[in-house]
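First the structure, which I've put down as structure tokens, then a few questions once you've had a look.
The values are calculated or read from the model by the stated rules, or taken from the named source; none is laboratory data. Computed from a prediction, not measured in an experiment: that's the story for all the values here. Don't worry about glycine lacking a Cβ; one is built from the backbone with ideal geometry, like all the others, and counts go over all protein chains shown. Calculation scope for accessible area: heavy atoms of the full protein, side chains included, ligands and nucleic acids excluded. Shrake-Rupley method; radii C 1.70, N 1.55, O 1.52, S 1.80 Å.
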There are 2 protein chains.
Amino acid sequence: MGNNHENLNTVFQALADPTRRAVIQHLISGPASITELAKPFEMALPSFMKHIGVLEDAGLIRSKKIGRVRTCEIKPKQLTAAETWINEQTAQWEGRMARMASFVEALGAEGQDD
Amino acid sequence: MGNNHENLNTVFQALADPTRRAVIQHLISGPASITELAKPFEMALPSFMKHIGVLEDAGLIRSKKIGRVRTCEIKPKQLTAAETWINEQTAQWEGRMARMASFVEALGAEGQDD
């Protein structure tokens with residue numbers, strides 16, 4: 001199990017939570033402060049900060065404190081890695097379905113020749 | 001949080017494990033028995049069956065017992081739901097990056113006019 005495997009584990013784990021997915025969706029449209037990000041959630045700040053920590057540890061976001069304000073932004077690389085893994089599976093699946101469809105069609109055409 | 005949210009939680013949770021991802025990769029190329037699927041892993045059968053259970057609960061695979069052989073196959077719908085979520089995020093990110101690039105380019109062009 002290489003680094004790539006471990007990264008995918010932490011990335012998918014980070015995405016398995018609706019608060020963390022909502023934070024990513026917010027940050028996709030631009031950087032935001034922790035205060036802004038936390039606003040839609042009825043959650044104590046320490047609980048919210050744990051979610052931010054999980055996203056940072058997974059390499060999905062980074063945060064920076066300037067003065068008293070901590071600002072977060074997206075790091076797209078790990079999201080792209082997760083996307084690539086899923087896209088590969090669905091592409092292979094679609095390829096298999098297309099081959100099966102051609103096979104069934106060819107059988108049908110053979111039947112008509114009889 | 002609707003059903004879609006809960007589904008994405010369990011799907012991403014199911015994908016956060018290398019054994020479960022390997023099972024999906026195997027099944028993408030066609031149905032397989034539990035014995036075949038378990039072969040590459042140095043794992044006791046009950047532990048392996050727990051992974052199969054997580055994948056079934058997430059709606060990523062289904063299994064059927066015929067005689068003494070339990071055979072698994074992919075159910076693509078939930079994998080596609082996870083793919084759609086990630087693709088939407090990366091598409092929005094790429095859109096934002098493209099808009100920023102055009103903006104910077106426009107600034108550069110204005111600078112040349114001076």
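Can we say B:His5 is without any contact (Cβ under 8 Å) to a residue 60 or more places away in the chain, more than 10 Å from chain A (Cβ to nearest Cβ), surrounded by 12 or more Cβ atoms within 10 Å (Cβ to Cβ) and assigned to a helix (DSSP H, G or I)?
When the stated conditions are applied, B:His5 does not pass them.
Quick grid of which residues meet (1) outside any helix (DSSP H, G or I); (2) over 19 Å from A:Gln13 (Cα atoms):
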position	(1), (2)
A:Leu37	no, yes
A:Pro40	yes, yes
A:Gly53	no, no
A:Trp85	no, no
A:Arg99	no, yes
A:Val104	no, yes
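Which of (1) open to solvent by 40 Å² or more (accessible area, probe 1.4 Å); (2) in a helix (DSSP H, G or I); (3) more than 22 Å from A:Met97 (Cα to Cα) is the odd one out, the single condition B:Gln89 does not satisfy?
(1)
Right, here's the next one. Quick one: in the stretch A:31-85, which of the residues that are open to solvent by less than 40 Å² (accessible area, probe 1.4 Å) and of a type in the set (Val, Ile, Thr) is farthest from B:Thr80 (Cα to Cα)?
A:Ile34
If you check A:Ala98 against the conditions, is it over 12 Å from the mean Cα position of the chain (by Cα) and either in contact (Cβ under 8 Å) with a residue 60 or more places away in the chain or open to solvent by 50 Å² or more (accessible area, probe 1.4 Å) (or both)?
Yes.
Across the stretch A:8-30, what is the number of residues that are open to solvent by less than 60 Å² (accessible area, probe 1.4 Å) and among the polar types (S, T, N, Q)?
2
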